[in-house]
Structure formats: C-alpha cells, structure tokens
Amino acid sequence: MQRIEHIYINGAFVTPHGSEWFDLFNPATEEVIGQVRLGDADDARLAIAAAKAAFPAFSRTSREQRMAMLQRMEAAMAAREDELFEAIVTEYGAPVSRARWMAAYSHQVIGEAAATLAEYPFERPAGSALVVMKPLGVAGLITPWNSNASFICGKLAAAMAAGCIAVIKPSEMSALQTQIVMEALHEAGLPPGVANIVNGRGDVVGAQISAHPDVAKISFTGSGAVGRAIMRSSADTLKRVTLELGGKSPTIVLDDADLATAVPLAVSAGFMNSGQACIAGTRILVPASRLAECEAAIVEQVRATPAGDPRDPATAIGPMVSARQWQRVQGYIRRGIEEGARVLIGGEGRPDGMTRGWLVKPTVFTDARNDMTIAREEIFGPVLTLIPYRDEAEAIAIANDTPYGLHGYVLTGDSARGARVASQIQAGRVLVNTLTHEPKAPFGGFKQSGIGRENSHYGLEAYLEPQAIVVG
Ligand code: NAD
C-alpha cells in the first residue's frame with residue numbers, strides 16, 4: 001500500500017494542512033492499492049501565494065533559460081517513463097500498449113513545448129507599435145483522470161514556455177502518477193514556486209484556484225459540467241480560461257470505404273483508451289445501403305477487440321477507472337435498450353468469464369437514431385452507436401447535430417473526398433483515414449467541447465497577452 005503524504009509547494013514536498021485520506025484503487029482488481037492525503041483550500045492558497053511571489057522573476061527569464069528548464073523536465077520525465085507506465089496500468093487500468101504511449105507522451109509533450117518556444121516570435125511590429133507577448137501570471141491547471149500525467153506535463157510546459165507560473169490540481173484519483181511527476185519536476189531543479197502541485201478534491205482545491213483573484217488563467221481538462229462551474233467562478237476576476245471538455249465525435253464511413261480497413265479504424269477510434277477518451281468516435285455513421293455489411297464487419301472486429309486484464313498484451317479494452325464510472329456506463333447501456341436501440345454486440349454486465357474488475361462488455365448499438373440519449377451524451381466507456389445515413393449530405397448533417405465539436409473521423413477510399421467532407425464537420429480536429437495524433441497541430445473543441453486550444457503556438461498563446469507599445 002503506497003501512502004502519498006505530501007504536496008509540492010515552493011520547490012519543497014510539504015505535509016498538507018488538509019487531513020483527509022483518499023483511497024486509490026486498482027480498477028482491474030477493485031482493490032485499494034494506496035491512499036493520498038488531500039490538500040484543502042488553505043493549501044491551495046499557500047500554493048497560489050508561492051506562485052505569485054515567484055512570478056516577477058520567472059516572467060523575466062529568457063527564452064534560452066526556459067528552454068533549458070523544459071529540457072531538464074523532459075529528461076527527468078523520460079527517466080521515469082517505466083515507473084509512470086507501471087502507475088498508469090496499476091492505478092488507471094490502461095491496457096499495456098496504451099499505457100506505454102501515455103507514459104512516453106508525458107515527456108514528449110514537454111519536448112513539443114520546448115520546440116514551439118524555440119521559434120515563437122514574442123515581439124513583432126504592428127504599424128508604428130511594437131507588440132510584445134507577455135505572460136499572463138499565475139496559471140491554475142486542473143486535470144482529469146483519463147490521462148493525468150500527460151495533461152499535467154503538457155499544460156505545465158506550455159505555461160512555463162510562456163513565462164507563467166503554475167498551481168496544479170491533478171485528478172485526485174491519479175495520485176500515483178502525480179507523485180512521479182512531482183518527483184521528476186523536483187529533480188529537474190526548477191526555480192522554487194514555478195510548479196506547485198496540490199492534491200485535493202475538485203470542489204475544494206479546484207474551486208479555490210478557479211475563484212482566487214491572484215490566479216490569472218485557468219486551463220482545465222474535464223467534464224462539461226465542471227468546465228461551466230469553473231467558467232462561472234472565473235468570471236468575477238475575468239480570468240482567461242482554456243476548457244478542454246467532452247465529445248460525442250462522429251466517425252463517417254463513406255459509401256466508397258473499404259470495410260476491411262475502415263471498420264478496424266472505426267472500432268479503434270470508438271474504443272480508444274478503453275472508451276474513456278474525449279476524442280473517441282462514439283457515433284459511427286454508415287451508409288444505409290451498406291448497413292448489414294457494416295454490422296457484420298463491426299461484430300467481427302469487436303470480437304477481436306477484447307476487454308480484460310490490462311496487463312495481458314492481448315487486451316484492447318481495460319476496466320473503467322472506478323465503480324462509479326462502471327455504473328454510469330451500465331446505466332447508459334440500459335438506457336439505450338429502453339429507448340429502443342438494438343444491441344448488436346455486448347450489453348449489460350461484465351464480459352463473459354470475468355468476475356472482478358470494472359470491466360464493461362464492448363458494446364455496439366444499432367437501429368439507433370441520433371436523438372437517442374446514447375447518441376447525444378458522452379458515455380465515456382466502450383459503448384458505440386451505429387447510425388445509418390442516406391447520402392453524404394445527411395451524414396454531414398447528422399455528424400454536426402450534436403452540442404459537441406471536439407473531433408471527427410472520415411473513412412473513405414478517396415482521400416480528397418474525405419478532406420472535403422472533413423472540412424464540413426464542425427469540430428476542432430478531423431482525421432481522414434488515420435488515427436494518428438499530430439502534436440504540432442492545435443487541439444481543442446468547437447461548440448460545447450470547449451474554449452481555446454492547446455499545443456503548438458496556439459497553446460502557447462493561451463498563456464500570453466499582447467501588449468502594444470507605441471513610442472511617439
Ligand atoms: P471532471 O470534470 O469530473 O474532473 C476533472 C478535474 O476537475 C478533476 O481534477 C476534478 O477534481 C476537478 N474538479 C471537479 N470539480 C471541480 C470544481 N468545482 N472546480 C474545479 N475543479 C473541479 O472530469 P473527469 O471525470 O476527471 O474526466 C472525464 C471528463 O474529461 C470527460 O468528460 C472527458 O470528455 C473530459 N476530457 C476532455 C479532454 C479534452 O481534451 N477535451 C481530454 C480528456 C478528458
């Protein structure tokens with residue numbers, strides 16, 4: 001049993017003022033594997049005060065100094081990759097191939113921020129003015145459990161590249177990963193107060209950070225409900241906010257698609273990260289003329305995508321992160337059946353033969369309409385909805401008939417046609433015939449999937465404010 005007792009403030013590991021101990025679970029066994037001591041509002045205030053004090057000196061550091069810090073952070077996180085991989089499998093239940101990607105991405109994303117910083121023009125002329133991009137100040141960074149370490153690293157690296165200071169509220173359910181990041185940041189020898197980390201509950205520590213007048217910026221990744229609450233509490237002090245929220249992304253299988261390649265991509269997009277991915281393609285839109293053929297190919301592919309022990313290399317889908325999340329997903333499967341959709345494969349309960357672990361049967365609904373709950377709400381589990389369309393125009397209309405706009409996928413035999421369809425989907429990113437992540441491109445949502453962008457210079461500018469200086 002690991003006990004995580006410290007938070008990280010002003011360059012030191014400190015015992016929090018908060019005294020609540022929170023259980024950490026292994027979702028594959030349902031066993032308690034550790035405990036984390038949670039900070040409280042006092043701890044958040046201390047971290048914000050440390051950050052505020054560190055900001056003036058840090059904001060004056062040179063590009064080269066900050067690049068050197070980012071490079072040390074990247075190296076320190078890379079040295080911890082195996083340890084982080086273990087923590088991700090144990091505490092989150094990600095299948096090993098996914099966990100390896102997540103562990104590696106946690107240091108790669110810091111390298112990406114350093115590369116952006118190397119080239120970014122902080123000063124540029126505008127008429128008779130000189131425009132200087134200035135760091136915003138103290139940034140509150142709040143992360144979810146579905147990729148906690150990489151979100152901490154990505155947000156922190158972008159904030160630091162801009163010259164901002166961070167107070168981080170990680171997911172309380174991911175404390176093993178957070179501990180590894182804290183130790184790596186300490187080893188990287190950052191100036192005290194530049195990166196502060198307070199484990200704690202969202203409605204306590206997170207709420208304090210998002211309301212505090214000394215915090216200039218919030219970057220949040222998580223649910224829409226919490227994103228809205230953060231925006232409301234940020235409004236009083238007019239904080240800048242970046243919100244990366246949920247999705248109900250469409251995968252359009254065009255009528256010219258070769259199902260032998262399209263269906264494996266569609267199923268992988270839907271079940272990505274065990275279905276606990278904001279970018280999962282959870283609505284699969286298929287031509288009505290090929291519905292039966294698509295259904296057969298999908299059933300075959302889902303059978304080849306087993307849910308099980310995340311440590312088994314054959315496992316494609318791991319357990320849900322918590323009992324609560326498992327129940328939530330089961331509730332959506334029930335709701336889909338009640339609303340008249342047909343279970344093509346899967347259904348309620350654990351996969352056959354599984355007696356423990358928060359595992360869900362990989363489930364696909366068919367005979368579904370886009371107005372059903374399973375097609376409108378983010379389920380955040382391995383549950384997909386197949387929706388037939390008559391022609392390309394209707395496919396695009398269904399794809400866009402959602403309050404969300406994070407991601408989209410187009411699968412086709414004709415890439416040019418795919419790109420043309422992609423450009424009509426209202427989403428921050430659309431992938432055509434690929435699932436490859438492009439870290440150099442902006443990431444974020446249209447509509448209710450969020451506000452602002454992360455990654456590349458778009459992500460850096462989320463921590464900067466332009467100042468125009470005109471000398472007469
Ligand atoms: P969540 O919104 O419940 O929690 C996210 C974080 O916010 C946690 O650290 C939590 O403690 C904190 N929080 C909770 N209440 C708060 C409050 N009142 N004030 C401030 N902070 C508070 O989300 P989750 O369940 O951890 O993650 C799943 C959600 O995240 C899904 O909706 C998913 O789509 C979304 N997500 C989005 C992206 C993206 O980039 N768009 C990426 C990953 C996950």
Looking at Ser219, Ser233, which is the one that is among the small types (Gly, Ala, Ser) and near the ligand (Cβ under 8 Å from one of its atoms)? Ser233
What's the number of the condition Gly445 fails, among (1) in a loop (DSSP other than H, G, I, E, B); (2) out of contact with any strand residue (DSSP E or B) (no Cβ under 8 Å at 6 or more places or on another chain)? (2)
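Matching residues to (1) in a helix (DSSP H, G or I); (2) open to solvent by 10 Å² or more (accessible area, probe 1.4 Å):
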{"site": "Ala139", "(1), (2)": "no, no"}
{"site": "Asn146", "(1), (2)": "yes, yes"}
{"site": "Ile152", "(1), (2)": "yes, no"}
{"site": "Lys155", "(1), (2)": "yes, no"}
{"site": "Ala159", "(1), (2)": "yes, no"}
{"site": "Met173", "(1), (2)": "yes, yes"}
{"site": "Gln177", "(1), (2)": "yes, no"}
{"site": "Met182", "(1), (2)": "yes, no"}
{"site": "Gly189", "(1), (2)": "no, yes"}
Filter the stretch 144-189 down to the residues that are of a type in the set (S, T, N, Q) and either closer than 20 Å to His437 by Cβ or outside the structural domain of Ser62 (by TED's automatic domain parsing) (or both) and list them by number. Asn146, Ser147, Asn148, Ser150, Gln177
What number of residues within the stretch 1-47 are exposed (fewer than 15 other Cβ atoms within 10 Å of the Cβ), of a type in the set (Ser, Thr, Tyr) and in contact with a strand residue (DSSP E or B) (Cβ under 6 Å, 6 or more places away or on another chain)? 0
Among helices (runs of 4 or more DSSP H) lying entirely in the stretch 1-112, which contain 3 or more residues that are free of Cβ contacts under 8 Å to residues at least 24 places away in the same chain? 63-79, 81-87
Reported set for the stretch 364-377 where residues are away from the ligand (no atom under 16 Å from the Cβ), β-branched (Val, Ile, Thr) and buried (at least 23 other Cβ atoms within 10 Å of the Cβ) is Val364
Residue hits (the stretch 416-442; touching a residue at least 40 places away in the same chain (Cβ under 8 Å), within 16 Å of the ligand (Cβ to nearest atom), touching a helix residue (DSSP H, G or I) at 6+ places or on another chain (Cβ under 7 Å) and not in a loop (DSSP other than H, G, I, E, B)) are none
One residue is enough: does the stretch 378-387 have a residue meeting the conditions surrounded by fewer than 23 Cβ atoms within 10 Å (Cβ to Cβ), outside any strand (DSSP E or B) and touching a Lys or Arg at 6+ places or on another chain (Cβ under 7 Å)? yes
Considering every residue within the stretch 102-124, establish whether at least one is among the aromatic types (Phe, Trp, Tyr) and either open to solvent by 40 Å² or more (accessible area, probe 1.4 Å) or not assigned by TED's automatic domain parsing to the domain that holds Ala51 (or both). no
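The values are calculated or read from the model by the stated rules, or taken from the named source; none is laboratory data. Only a predicted model underlies this, so the values are computations on that prediction, with no experimental measurement involved. Positions of Cβ are generated from backbone atoms using ideal geometry, with glycine treated the same way; all protein chains shown enter the neighbour counts. The protein model used for the area step is the full one, side chains on, heavy atoms only, and it has no ligands, DNA or RNA in it. Shrake-Rupley method; radii C 1.70, N 1.55, O 1.52, S 1.80 Å.
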